[in-house]
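Everything below concerns the one structure shown next.
The values are calculated or read from the model by the stated rules, or taken from the named source; none is laboratory data. Worth saying up front: this structure is predicted, and the values here are computed from it rather than measured. Methodologically, a virtual Cβ is constructed for each residue, glycine included, from the backbone with ideal geometry; neighbour enumeration extends over all protein chains shown.
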Amino acid sequence: MQSMQPTRRRILELLRDCQGTTVDDLASTIGLTTATVRHHLDILAQEGLVEMQKAQHRGTPGRPQHVWTLTPCALERFPKNYQSLSLMLLDEIQGSLPPDVAERISQGVAERMAAQAHINAHASPEQRMTAAVDYLNTCGYVADWVQEENQFVLRTRNCPYHEVSVRHSELCNMDLMLVAKLLGTQPQVRERMSDGGTACCYVIKI
């Protein structure tokens, strides 16, 4: 958001605050002509950040005006505090629950995530590896896999919650459970980013 052109950033902020408004109202609030506001809205629409909703009837004679709103993509541009919230939640779980209960929670999360991947249990090992990597990439892991003689190696080069996993190693165990659920077999850990590695590597024997 900070690198965005100031007028377009202001338009997004106004649309967020009022949950949708017209070109005339935006122009009046910002102090620009309606033509200029439409120009900025067109650019934001091309970037997938705003969209035009059904027409709103004017209070005066004339054609109805369209209402502009933010898209879900635009909402993701605003600052979030997921890392701090995750840390506090995990600290509370760790301090309040027995270790076996906390582990069951991690296992449940891994199972839910693996179920989202919809991997065919009857797929070939190569197909299953590819499907697992595709799913991990949708989750932000930057994953790939290679074959080394009689084994596969799955690598994830980005941890979506790296700052949290440094303090909570159970997240690394959750990732291991996730990979096991995705592949239908228990992998061996070769390397972890939380231990200073350049990637998290999982070895799967063929």
Members of region 180-194 found to be over 13 Å from Phe152 (Cα atoms) and among the charged types (D, E, K, R), listed by number
Lys181, Glu191, Arg192
Residue by residue through region 162-200, note down the ones that are touching a residue at least 12 places away in the same chain (Cβ under 8 Å), in contact with a strand residue (DSSP E or B) (Cβ under 8 Å, 6 or more places away or on another chain) and either in a loop (DSSP other than H, G, I, E, B) or not assigned by TED's automatic domain parsing to the domain that holds Ala132 (or both).
Thr185, Pro187, Arg192, Thr198, Ala199
Can you report the number of residues in region 88-119 which are part of a loop (DSSP other than H, G, I, E, B) and surrounded by 10 or more Cβ atoms within 10 Å (Cβ to Cβ)?
2
Could you grab me the full set of residues in region 73-102 that are aliphatic (A, V, I, L, M), free of Cβ contacts under 8 Å to residues at least 40 places away in the same chain and within 22 Å of His162 (Cβ to Cβ)?
Leu85, Met88, Leu89, Ile93
Give me a count of the residues in region 154-175 that are under 10 Å from Ala199 (Cβ atoms) and either modelled with pLDDT under 90 or among the β-branched types (Val, Ile, Thr) (or both).
2
From the list Gly59, Gly48, pick out the single residue that is over 30 Å from His168 (Cα atoms), of a type in the set (Gly, Ala, Ser), modelled with pLDDT of 90 or more and assigned to a loop (DSSP other than H, G, I, E, B).
Gly48
